[in-house]
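The values are calculated or read from the model by the stated rules, or taken from the named source; none is laboratory data. The structure displayed is predicted, hence computed values, not measured ones. FYI the Cβ positions are ideal-geometry reconstructions off the backbone, even for glycines, and counts take in every protein chain you see.
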Amino acid sequence: MSFQDEFLWGSASAAYQIEGAANLDGKGDSIWDVYSRVPGNTFKNTTGEVAIDFYHRFEQDIALMKEMGLQAYRFSVSWPRIMTDGRSVNPKGVEFYHKVIDTLIANDITPILTVYHWDLPQALQDDYQGWESREIIEDFTRYCEILFQEYGDKVPYWVSLNEQNIFTSLGYLQAIHPPKVSDFQRFINANHIANLANASAVKKFREMGIEAKIGASFAYSPAYAQSAKPEDVIAAEDAQELQDLFWMDVYAKGRYPKIALKRLETLNIHIDFQPGDKELLAAGVCDFMGLNYYQSATFVAAGNKQSTAQTGNASQVSVVSEISDIPTDKLFARADNEYLDMTDWNWAIDPNGLRVALRRITSRYELPILISENGLGAFDTLTEEGKVHDDYRINFLRRHVEAISDAIDDGCEVIGYCTWSCQDLFSWLNGYAKRYGFIYVDRDEESEKELKRYKKDSFYWYQKVIQSNGKQLD
Ligand code: GCO
(Lines give C-alpha, C1' and ligand atoms only; values in the text may rest on other atoms or scores of the structure.)
Protein backbone atom coordinates (compact mmCIF):
# COMPACT_ATOMS: atom_id res chain seq x y z
CA MET A 1 0.00 0.00 0.00
CA SER A 2 1.22 3.40 -0.98
CA PHE A 3 0.24 5.83 1.74
CA GLN A 4 2.93 8.20 2.90
CA ASP A 5 3.39 8.90 6.61
CA GLU A 6 1.81 12.36 6.31
CA PHE A 7 -1.33 10.98 4.65
CA LEU A 8 -4.34 12.14 6.69
CA TRP A 9 -6.96 9.56 7.60
CA GLY A 10 -10.03 11.60 8.37
CA SER A 11 -13.74 11.97 8.29
CA ALA A 12 -16.19 14.79 7.60
CA SER A 13 -19.45 16.52 8.49
CA ALA A 14 -21.30 19.80 8.03
CA ALA A 15 -22.70 22.25 10.60
CA TYR A 16 -26.39 22.04 9.74
CA GLN A 17 -26.23 18.25 9.55
CA ILE A 18 -24.83 17.78 13.07
CA GLU A 19 -24.91 20.82 15.33
CA GLY A 20 -28.53 21.45 16.26
CA ALA A 21 -28.81 24.43 18.67
CA ALA A 22 -30.48 26.19 15.78
CA ASN A 23 -31.25 29.41 17.62
CA LEU A 24 -29.00 29.24 20.64
CA ASP A 25 -26.35 31.71 21.79
CA GLY A 26 -27.05 34.30 19.14
CA LYS A 27 -27.23 32.03 16.13
CA GLY A 28 -29.45 33.44 13.40
CA ASP A 29 -31.62 31.47 11.02
CA SER A 30 -30.02 29.95 7.97
CA ILE A 31 -31.95 29.30 4.77
CA TRP A 32 -32.07 25.65 5.85
CA ASP A 33 -33.63 26.48 9.23
CA VAL A 34 -36.38 28.41 7.51
CA TYR A 35 -36.84 26.01 4.60
CA SER A 36 -37.05 22.89 6.73
CA ARG A 37 -39.68 24.45 9.01
CA VAL A 38 -42.14 24.58 6.13
CA PRO A 39 -44.15 21.36 6.03
CA GLY A 40 -43.60 19.39 2.85
CA ASN A 41 -40.17 20.79 2.05
CA THR A 42 -38.10 17.99 3.58
CA PHE A 43 -38.32 14.23 3.90
CA LYS A 44 -40.94 13.48 6.59
CA ASN A 45 -40.56 17.14 7.62
CA THR A 46 -37.26 16.41 9.34
CA THR A 47 -35.01 19.30 10.27
CA GLY A 48 -31.57 20.00 11.66
CA GLU A 49 -33.09 21.88 14.62
CA VAL A 50 -31.54 19.37 17.03
CA ALA A 51 -29.69 17.17 14.53
CA ILE A 52 -27.27 15.04 16.59
CA ASP A 53 -26.68 17.89 19.05
CA PHE A 54 -22.98 18.19 18.30
CA TYR A 55 -23.19 21.72 19.72
CA HIS A 56 -23.52 20.28 23.22
CA ARG A 57 -21.79 16.95 22.71
CA PHE A 58 -18.70 17.86 20.69
CA GLU A 59 -16.33 16.85 23.48
CA GLN A 60 -17.82 13.38 23.67
CA ASP A 61 -17.78 13.10 19.87
CA ILE A 62 -14.18 14.21 19.61
CA ALA A 63 -13.25 11.69 22.33
CA LEU A 64 -14.75 8.98 20.10
CA MET A 65 -12.79 10.31 17.12
CA LYS A 66 -9.64 10.10 19.21
CA GLU A 67 -10.48 6.53 20.20
CA MET A 68 -10.90 5.65 16.52
CA GLY A 69 -7.51 7.20 15.83
CA LEU A 70 -8.81 9.87 13.46
CA GLN A 71 -6.04 12.12 12.19
CA ALA A 72 -8.19 14.82 10.58
CA TYR A 73 -11.73 16.04 10.98
CA ARG A 74 -13.45 18.14 8.35
CA PHE A 75 -16.31 20.19 9.77
CA SER A 76 -18.08 23.32 8.59
CA VAL A 77 -18.69 26.62 10.28
CA SER A 78 -22.21 27.97 10.29
CA TRP A 79 -22.18 31.48 8.85
CA PRO A 80 -25.28 32.61 10.82
CA ARG A 81 -23.68 31.31 14.04
CA ILE A 82 -20.62 33.47 13.43
CA MET A 83 -22.69 36.36 12.08
CA THR A 84 -26.32 36.27 13.20
CA ASP A 85 -27.63 38.32 10.26
CA GLY A 86 -24.74 37.52 7.95
CA ARG A 87 -22.93 40.78 8.78
CA SER A 88 -22.50 41.44 12.51
CA VAL A 89 -20.18 39.24 14.52
CA ASN A 90 -21.62 36.99 17.24
CA PRO A 91 -18.83 36.43 19.81
CA LYS A 92 -20.45 33.29 21.25
CA GLY A 93 -20.45 31.69 17.81
CA VAL A 94 -16.81 32.58 17.28
CA GLU A 95 -16.01 31.10 20.70
CA PHE A 96 -17.80 27.83 19.92
CA TYR A 97 -15.57 27.05 16.96
CA HIS A 98 -12.46 28.01 18.94
CA LYS A 99 -13.49 25.35 21.45
CA VAL A 100 -14.10 22.75 18.74
CA ILE A 101 -10.79 23.48 17.02
CA ASP A 102 -8.84 23.54 20.29
CA THR A 103 -10.37 20.24 21.38
CA LEU A 104 -9.47 18.64 18.06
CA ILE A 105 -5.90 19.90 18.27
CA ALA A 106 -5.58 18.76 21.90
CA ASN A 107 -6.53 15.30 20.65
CA ASP A 108 -4.00 15.36 17.77
CA ILE A 109 -6.73 15.67 15.16
CA THR A 110 -5.99 18.08 12.32
CA PRO A 111 -8.91 20.46 11.78
CA ILE A 112 -10.07 20.92 8.18
CA LEU A 113 -12.47 23.82 8.08
CA THR A 114 -15.24 24.22 5.50
CA VAL A 115 -16.35 27.83 5.27
CA TYR A 116 -19.68 27.28 3.55
CA HIS A 117 -21.70 24.09 3.62
CA TRP A 118 -25.03 25.46 2.42
CA ASP A 119 -26.42 27.24 5.50
CA LEU A 120 -26.61 30.78 4.17
CA PRO A 121 -27.87 33.39 6.66
CA GLN A 122 -31.58 33.84 5.92
CA ALA A 123 -31.13 37.60 6.39
CA LEU A 124 -29.00 37.74 3.24
CA GLN A 125 -31.53 35.71 1.28
CA ASP A 126 -34.22 38.16 2.41
CA ASP A 127 -32.13 41.26 1.77
CA TYR A 128 -30.90 40.55 -1.73
CA GLN A 129 -31.66 36.94 -2.71
CA GLY A 130 -28.38 35.51 -1.48
CA TRP A 131 -26.27 33.98 -4.23
CA GLU A 132 -28.21 35.79 -6.93
CA SER A 133 -26.82 39.19 -5.96
CA ARG A 134 -23.29 40.50 -6.27
CA GLU A 135 -23.72 42.04 -2.81
CA ILE A 136 -22.93 38.64 -1.40
CA ILE A 137 -19.33 38.82 -2.64
CA GLU A 138 -18.46 41.48 -0.09
CA ASP A 139 -20.43 39.87 2.74
CA PHE A 140 -18.91 36.46 2.08
CA THR A 141 -15.41 37.91 1.95
CA ARG A 142 -15.97 39.74 5.24
CA TYR A 143 -17.23 36.51 6.82
CA CYS A 144 -14.14 34.68 5.55
CA GLU A 145 -11.90 37.44 6.84
CA ILE A 146 -13.28 36.90 10.35
CA LEU A 147 -12.66 33.17 10.08
CA PHE A 148 -9.13 33.67 8.73
CA GLN A 149 -8.35 36.13 11.55
CA GLU A 150 -9.75 33.91 14.26
CA TYR A 151 -8.68 30.45 13.14
CA GLY A 152 -6.04 31.10 10.46
CA ASP A 153 -3.13 30.05 12.64
CA LYS A 154 -4.83 26.90 13.95
CA VAL A 155 -6.32 25.35 10.81
CA PRO A 156 -3.93 24.06 8.12
CA TYR A 157 -6.56 23.15 5.48
CA TRP A 158 -9.46 25.32 4.40
CA VAL A 159 -12.33 24.45 2.10
CA SER A 160 -14.17 27.54 0.90
CA LEU A 161 -17.36 26.40 -0.82
CA ASN A 162 -18.67 22.89 -0.49
CA GLU A 163 -20.15 21.31 -3.62
CA GLN A 164 -21.09 24.47 -5.41
CA ASN A 165 -22.39 22.32 -8.26
CA ILE A 166 -24.80 20.50 -5.96
CA PHE A 167 -26.17 23.32 -3.82
CA THR A 168 -26.81 25.40 -6.92
CA SER A 169 -28.27 22.65 -9.06
CA LEU A 170 -30.56 21.35 -6.30
CA GLY A 171 -31.46 24.93 -5.28
CA TYR A 172 -31.79 26.71 -8.64
CA LEU A 173 -32.56 23.95 -11.14
CA GLN A 174 -34.24 21.04 -9.44
CA ALA A 175 -35.99 23.19 -6.82
CA ILE A 176 -35.48 20.64 -4.03
CA HIS A 177 -33.17 22.77 -1.86
CA PRO A 178 -33.71 26.38 -0.87
CA PRO A 179 -34.46 28.74 -2.54
CA LYS A 180 -36.51 26.20 -4.54
CA VAL A 181 -35.99 27.75 -7.94
CA SER A 182 -35.97 26.04 -11.33
CA ASP A 183 -34.39 28.30 -13.90
CA PHE A 184 -31.29 27.53 -15.96
CA GLN A 185 -30.24 31.15 -16.43
CA ARG A 186 -30.67 32.00 -12.73
CA PHE A 187 -28.67 28.88 -11.91
CA ILE A 188 -25.79 30.08 -14.10
CA ASN A 189 -26.01 33.57 -12.59
CA ALA A 190 -25.86 32.24 -9.03
CA ASN A 191 -22.87 30.13 -10.00
CA HIS A 192 -20.97 32.98 -11.54
CA ILE A 193 -21.50 35.03 -8.39
CA ALA A 194 -20.48 32.12 -6.16
CA ASN A 195 -17.33 31.72 -8.28
CA LEU A 196 -16.52 35.38 -7.75
CA ALA A 197 -17.19 35.09 -4.01
CA ASN A 198 -14.91 32.05 -3.81
CA ALA A 199 -12.17 33.86 -5.73
CA SER A 200 -12.53 36.95 -3.56
CA ALA A 201 -12.17 34.80 -0.42
CA VAL A 202 -9.07 33.06 -1.77
CA LYS A 203 -7.61 36.46 -2.68
CA LYS A 204 -8.25 37.70 0.86
CA PHE A 205 -6.60 34.58 2.27
CA ARG A 206 -3.47 35.34 0.23
CA GLU A 207 -3.49 39.04 1.13
CA MET A 208 -3.69 38.18 4.81
CA GLY A 209 -0.69 35.91 4.44
CA ILE A 210 -2.41 32.94 6.08
CA GLU A 211 0.09 30.11 6.25
CA ALA A 212 -2.26 27.31 5.35
CA LYS A 213 -3.77 25.79 2.22
CA ILE A 214 -7.12 26.69 0.72
CA GLY A 215 -9.25 24.77 -1.77
CA ALA A 216 -12.87 24.11 -2.61
CA SER A 217 -14.75 20.80 -2.42
CA PHE A 218 -16.48 19.54 -5.44
CA ALA A 219 -18.90 16.65 -6.09
CA TYR A 220 -17.20 15.03 -9.06
CA SER A 221 -18.63 12.06 -10.90
CA PRO A 222 -16.37 10.82 -13.68
CA ALA A 223 -18.46 10.68 -16.84
CA TYR A 224 -18.40 7.41 -18.80
CA ALA A 225 -19.76 6.82 -22.28
CA GLN A 226 -22.23 3.93 -22.21
CA SER A 227 -20.84 2.56 -25.46
CA ALA A 228 -17.80 3.05 -27.67
CA LYS A 229 -19.97 4.80 -30.24
CA PRO A 230 -18.09 8.03 -30.91
CA GLU A 231 -21.22 10.13 -30.43
CA ASP A 232 -21.70 8.60 -26.96
CA VAL A 233 -18.07 9.44 -26.17
CA ILE A 234 -18.66 13.06 -27.16
CA ALA A 235 -21.86 13.11 -25.11
CA ALA A 236 -19.92 11.90 -22.05
CA GLU A 237 -17.26 14.54 -22.66
CA ASP A 238 -19.93 17.23 -22.92
CA ALA A 239 -21.48 16.01 -19.69
CA GLN A 240 -18.11 16.19 -17.94
CA GLU A 241 -17.53 19.70 -19.28
CA LEU A 242 -20.92 21.03 -18.26
CA GLN A 243 -21.47 19.14 -15.03
CA ASP A 244 -17.96 19.22 -13.56
CA LEU A 245 -15.19 21.05 -15.41
CA PHE A 246 -17.38 24.13 -15.68
CA TRP A 247 -16.69 24.65 -11.94
CA MET A 248 -13.42 22.88 -11.36
CA ASP A 249 -11.57 24.80 -14.05
CA VAL A 250 -12.60 28.03 -12.36
CA TYR A 251 -11.22 26.89 -8.99
CA ALA A 252 -8.07 25.36 -10.43
CA LYS A 253 -7.27 27.55 -13.44
CA GLY A 254 -9.18 30.74 -12.70
CA ARG A 255 -11.27 30.58 -15.88
CA TYR A 256 -14.19 28.73 -17.42
CA PRO A 257 -13.51 25.87 -19.85
CA LYS A 258 -13.96 26.83 -23.49
CA ILE A 259 -16.10 23.91 -24.62
CA ALA A 260 -18.57 24.35 -21.75
CA LEU A 261 -18.85 28.05 -22.52
CA LYS A 262 -19.58 27.35 -26.17
CA ARG A 263 -22.15 24.70 -25.28
CA LEU A 264 -23.95 27.12 -22.96
CA GLU A 265 -23.99 29.69 -25.73
CA THR A 266 -25.71 27.22 -28.05
CA LEU A 267 -28.25 26.59 -25.30
CA ASN A 268 -28.80 30.35 -25.22
CA ILE A 269 -27.44 30.73 -21.68
CA HIS A 270 -25.07 33.57 -20.90
CA ILE A 271 -22.61 34.41 -18.19
CA ASP A 272 -22.91 37.97 -16.99
CA PHE A 273 -19.26 39.02 -17.15
CA GLN A 274 -18.60 42.48 -15.78
CA PRO A 275 -15.36 44.45 -15.81
CA GLY A 276 -12.89 42.98 -13.36
CA ASP A 277 -14.53 39.53 -13.18
CA LYS A 278 -11.89 37.77 -15.26
CA GLU A 279 -9.08 39.22 -13.19
CA LEU A 280 -10.79 38.30 -9.94
CA LEU A 281 -11.35 34.69 -11.05
CA ALA A 282 -7.73 34.47 -12.14
CA ALA A 283 -6.63 35.66 -8.68
CA GLY A 284 -8.70 33.01 -6.90
CA VAL A 285 -6.91 29.82 -7.85
CA CYS A 286 -6.94 27.12 -5.16
CA ASP A 287 -3.98 25.29 -3.59
CA PHE A 288 -5.63 21.88 -3.74
CA MET A 289 -8.75 20.27 -5.12
CA GLY A 290 -11.27 18.90 -2.63
CA LEU A 291 -12.89 15.85 -4.17
CA ASN A 292 -16.22 14.57 -2.90
CA TYR A 293 -16.63 11.23 -4.61
CA TYR A 294 -19.70 9.02 -4.36
CA GLN A 295 -20.39 7.62 -7.83
CA SER A 296 -19.59 7.69 -11.51
CA ALA A 297 -22.14 8.76 -14.12
CA THR A 298 -22.82 7.17 -17.49
CA PHE A 299 -24.09 8.94 -20.59
CA VAL A 300 -25.29 8.40 -24.12
CA ALA A 301 -25.82 10.86 -26.95
CA ALA A 302 -29.34 12.22 -26.57
CA GLY A 303 -30.47 10.46 -29.77
CA ASN A 304 -29.19 7.07 -28.55
CA LYS A 305 -31.17 7.12 -25.34
CA GLN A 306 -33.11 3.93 -24.79
CA SER A 307 -34.72 5.20 -21.63
CA THR A 308 -33.42 2.46 -19.39
CA ALA A 309 -31.95 4.81 -16.79
CA GLN A 310 -33.65 4.14 -13.51
CA THR A 311 -34.93 6.83 -11.28
CA GLY A 312 -34.73 4.83 -8.12
CA ASN A 313 -36.01 1.74 -6.40
CA ALA A 314 -35.71 2.46 -2.71
CA SER A 315 -39.19 2.86 -1.38
CA GLN A 316 -40.06 5.62 1.06
CA VAL A 317 -36.92 7.58 0.48
CA SER A 318 -36.15 10.34 -1.91
CA VAL A 319 -33.82 9.09 -4.60
CA VAL A 320 -31.90 11.94 -6.12
CA SER A 321 -28.62 11.32 -7.83
CA GLU A 322 -27.00 14.44 -6.37
CA ILE A 323 -25.21 14.81 -9.65
CA SER A 324 -25.52 18.22 -11.17
CA ASP A 325 -28.17 17.22 -13.73
CA ILE A 326 -28.41 20.25 -15.90
CA PRO A 327 -31.10 20.47 -18.61
CA THR A 328 -29.06 19.70 -21.69
CA ASP A 329 -31.27 17.00 -23.18
CA LYS A 330 -30.15 17.95 -26.65
CA LEU A 331 -26.55 17.04 -25.87
CA PHE A 332 -26.53 14.00 -23.62
CA ALA A 333 -28.70 11.76 -21.50
CA ARG A 334 -28.04 9.72 -18.36
CA ALA A 335 -27.86 5.96 -18.88
CA ASP A 336 -27.33 2.78 -16.87
CA ASN A 337 -23.97 1.16 -16.39
CA GLU A 338 -24.59 -2.58 -16.52
CA TYR A 339 -21.29 -3.32 -14.78
CA LEU A 340 -22.11 -1.53 -11.56
CA ASP A 341 -24.28 -2.32 -8.56
CA MET A 342 -26.36 0.36 -6.91
CA THR A 343 -26.77 1.54 -3.33
CA ASP A 344 -30.15 1.58 -1.59
CA TRP A 345 -30.49 5.09 -3.00
CA ASN A 346 -29.60 3.98 -6.49
CA TRP A 347 -26.16 5.54 -6.59
CA ALA A 348 -23.65 3.57 -8.69
CA ILE A 349 -21.09 1.75 -6.54
CA ASP A 350 -17.83 2.27 -8.37
CA PRO A 351 -14.53 2.17 -6.43
CA ASN A 352 -12.53 2.24 -9.68
CA GLY A 353 -14.41 5.43 -10.49
CA LEU A 354 -12.52 7.05 -7.62
CA ARG A 355 -9.24 6.04 -9.24
CA VAL A 356 -10.52 7.42 -12.56
CA ALA A 357 -11.53 10.65 -10.82
CA LEU A 358 -8.13 11.07 -9.14
CA ARG A 359 -6.30 10.37 -12.39
CA ARG A 360 -8.43 12.73 -14.48
CA ILE A 361 -8.16 15.55 -11.96
CA THR A 362 -4.42 15.03 -11.70
CA SER A 363 -3.86 15.06 -15.43
CA ARG A 364 -6.00 18.17 -15.95
CA TYR A 365 -4.84 20.27 -12.99
CA GLU A 366 -1.70 18.69 -11.50
CA LEU A 367 -2.86 19.80 -8.05
CA PRO A 368 -2.74 17.88 -4.78
CA ILE A 369 -6.13 16.34 -4.01
CA LEU A 370 -7.87 16.04 -0.69
CA ILE A 371 -10.63 13.45 -0.82
CA SER A 372 -13.00 15.53 1.25
CA GLU A 373 -15.93 13.09 1.15
CA ASN A 374 -16.56 9.46 0.25
CA GLY A 375 -18.94 7.04 1.86
CA LEU A 376 -21.98 4.83 1.71
CA GLY A 377 -25.47 5.98 2.69
CA ALA A 378 -27.40 2.97 3.96
CA PHE A 379 -30.16 1.77 6.26
CA ASP A 380 -28.39 0.54 9.42
CA THR A 381 -29.86 -1.61 12.16
CA LEU A 382 -28.98 -1.29 15.82
CA THR A 383 -29.10 -4.71 17.46
CA GLU A 384 -30.43 -5.28 20.97
CA GLU A 385 -26.83 -5.62 22.13
CA GLY A 386 -26.11 -2.13 20.80
CA LYS A 387 -24.13 -3.25 17.75
CA VAL A 388 -24.34 -2.26 14.09
CA HIS A 389 -22.98 -4.90 11.74
CA ASP A 390 -22.27 -2.70 8.72
CA ASP A 391 -20.08 -5.08 6.73
CA TYR A 392 -21.54 -3.51 3.53
CA ARG A 393 -19.99 -0.18 4.56
CA ILE A 394 -16.65 -1.79 5.41
CA ASN A 395 -16.65 -3.51 2.05
CA PHE A 396 -17.50 -0.26 0.26
CA LEU A 397 -14.82 1.76 2.05
CA ARG A 398 -12.17 -0.96 1.71
CA ARG A 399 -12.55 -1.03 -2.06
CA HIS A 400 -12.34 2.75 -2.21
CA VAL A 401 -9.18 2.80 -0.09
CA GLU A 402 -7.64 0.25 -2.48
CA ALA A 403 -8.58 2.49 -5.40
CA ILE A 404 -6.87 5.46 -3.73
CA SER A 405 -3.75 3.39 -3.23
CA ASP A 406 -3.80 2.44 -6.93
CA ALA A 407 -4.23 6.08 -7.91
CA ILE A 408 -1.27 7.08 -5.75
CA ASP A 409 0.76 4.38 -7.52
CA ASP A 410 -0.44 5.91 -10.81
CA GLY A 411 1.14 9.22 -9.78
CA CYS A 412 -1.70 11.13 -8.13
CA GLU A 413 -0.84 13.28 -5.13
CA VAL A 414 -3.50 12.57 -2.52
CA ILE A 415 -3.18 14.50 0.76
CA GLY A 416 -5.81 12.66 2.73
CA TYR A 417 -9.08 10.81 2.88
CA CYS A 418 -12.13 12.14 4.70
CA THR A 419 -14.92 9.63 4.78
CA TRP A 420 -18.48 10.85 4.86
CA SER A 421 -19.32 10.76 7.66
CA CYS A 422 -17.95 10.22 11.16
CA GLN A 423 -21.20 10.24 13.12
CA ASP A 424 -24.59 9.56 11.54
CA LEU A 425 -26.14 12.88 10.66
CA PHE A 426 -29.04 14.69 9.04
CA SER A 427 -29.31 14.01 5.33
CA TRP A 428 -30.64 16.99 3.38
CA LEU A 429 -33.05 14.92 1.34
CA ASN A 430 -33.47 11.85 3.52
CA GLY A 431 -33.71 13.05 7.08
CA TYR A 432 -32.22 10.54 9.47
CA ALA A 433 -33.06 7.46 7.40
CA LYS A 434 -29.87 7.49 5.35
CA ARG A 435 -26.88 6.78 7.54
CA TYR A 436 -23.23 7.26 6.66
CA GLY A 437 -21.29 7.22 9.93
CA PHE A 438 -18.87 5.00 11.84
CA ILE A 439 -20.83 6.07 14.90
CA TYR A 440 -24.50 5.26 15.08
CA VAL A 441 -26.65 7.97 16.61
CA ASP A 442 -29.86 6.73 18.12
CA ARG A 443 -32.49 8.88 16.52
CA ASP A 444 -34.92 8.21 13.73
CA GLU A 445 -36.70 10.36 11.22
CA GLU A 446 -39.50 11.19 13.60
CA SER A 447 -38.09 11.18 17.09
CA GLU A 448 -34.96 12.53 18.66
CA LYS A 449 -34.69 9.65 21.18
CA GLU A 450 -31.78 10.24 23.52
CA LEU A 451 -29.17 10.67 20.76
CA LYS A 452 -26.93 8.04 22.28
CA ARG A 453 -23.82 7.11 20.29
CA TYR A 454 -22.86 3.48 19.40
CA LYS A 455 -19.71 2.32 17.65
CA LYS A 456 -20.48 0.40 14.46
CA ASP A 457 -18.32 -2.48 13.22
CA SER A 458 -16.88 -0.01 10.68
CA PHE A 459 -15.55 2.08 13.58
CA TYR A 460 -13.21 -0.75 14.59
CA TRP A 461 -12.34 -1.45 10.97
CA TYR A 462 -11.30 2.17 10.30
CA GLN A 463 -9.35 2.19 13.55
CA LYS A 464 -7.20 -0.66 12.17
CA VAL A 465 -6.85 0.99 8.78
CA ILE A 466 -5.56 4.16 10.42
CA GLN A 467 -3.25 2.34 12.83
CA SER A 468 -1.67 0.42 9.96
CA ASN A 469 -1.60 3.46 7.62
CA GLY A 470 -3.79 1.69 5.11
CA LYS A 471 -2.01 -1.66 5.21
CA GLN A 472 -4.62 -3.60 7.12
CA LEU A 473 -7.86 -3.50 5.21
CA ASP A 474 -9.52 -6.79 6.30
C1 GCO B 1 -27.12 13.56 2.09
C2 GCO B 1 -25.94 13.83 1.26
C3 GCO B 1 -24.98 14.71 2.03
C4 GCO B 1 -23.82 15.11 1.26
C5 GCO B 1 -22.97 16.20 1.82
C6 GCO B 1 -22.42 16.90 0.64
O7 GCO B 1 -27.55 12.43 2.15
O8 GCO B 1 -27.62 14.53 2.63
O9 GCO B 1 -25.35 12.68 0.78
O10 GCO B 1 -24.72 14.16 3.27
O11 GCO B 1 -23.04 14.04 0.86
O12 GCO B 1 -23.62 17.13 2.64
O13 GCO B 1 -21.33 17.66 0.96
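Here are a few things to note about the model shown:
- Scan of the stretch 433-458 for residues that are surrounded by fewer than 23 Cβ atoms within 10 Å (Cβ to Cβ) and within 10 Å of the ligand (Cβ to nearest atom), ordered by number: ALA433
- Unique match (being away from the ligand (no atom under 16 Å from the Cβ) and either on the phi > 0 side of the Ramachandran plot or touching a strand residue (DSSP E or B) at 6+ places or on another chain (Cβ under 7 Å) (or both)) among GLN295, GLN226: GLN226
- Checking TRP118 against (1) assigned to a loop (DSSP other than H, G, I, E, B); (2) farther than 26 Å from LEU425 by Cβ; (3) of a type in the set (Phe, Trp, Tyr), the condition it does not meet: (2)
- Condition met for SER169 (out of contact with any Lys or Arg (no Cβ under 6 Å at 6 or more places or on another chain), farther than 25 Å from PHE96 by Cβ and part of a helix (DSSP H, G or I)): yes
- Any pair with Cβ under 8 angstrom, 6 or more apart, that starts in the stretch 162-190 at a residue that is on the phi > 0 side of the Ramachandran plot and ends at one that is surrounded by fewer than 21 Cβ atoms within 10 Å (Cβ to Cβ) and not acidic (Asp, Glu): ALA175/VAL181; ALA175/SER182; LYS180/TYR35; LYS180/ASN41
- Residue among ASP391, ASP380 that alone is within 16 Å of the ligand (Cβ to nearest atom), farther than 30 Å from VAL285 by Cα and in contact (Cβ under 8 Å) with a residue 60 or more places away in the chain: ASP380
- Hey, ASP33 closer than 20 Å to THR419 by Cβ, assigned to a helix (DSSP H, G or I) and under 23 Å from the mean Cα position of the chain (by Cα) or not: no
- Residues of the stretch 183-217 that turn out to be within 16 Å of the ligand (Cβ to nearest atom) and either of a type in the set (Asp, Glu) or at pLDDT below 95 (or both), as a count: 0
- Counted residues, the stretch 332-374 - those being in contact with a helix residue (DSSP H, G or I) (Cβ under 7 Å, 6 or more places away or on another chain), within 16 Å of the ligand (Cβ to nearest atom) and part of a loop (DSSP other than H, G, I, E, B): 1
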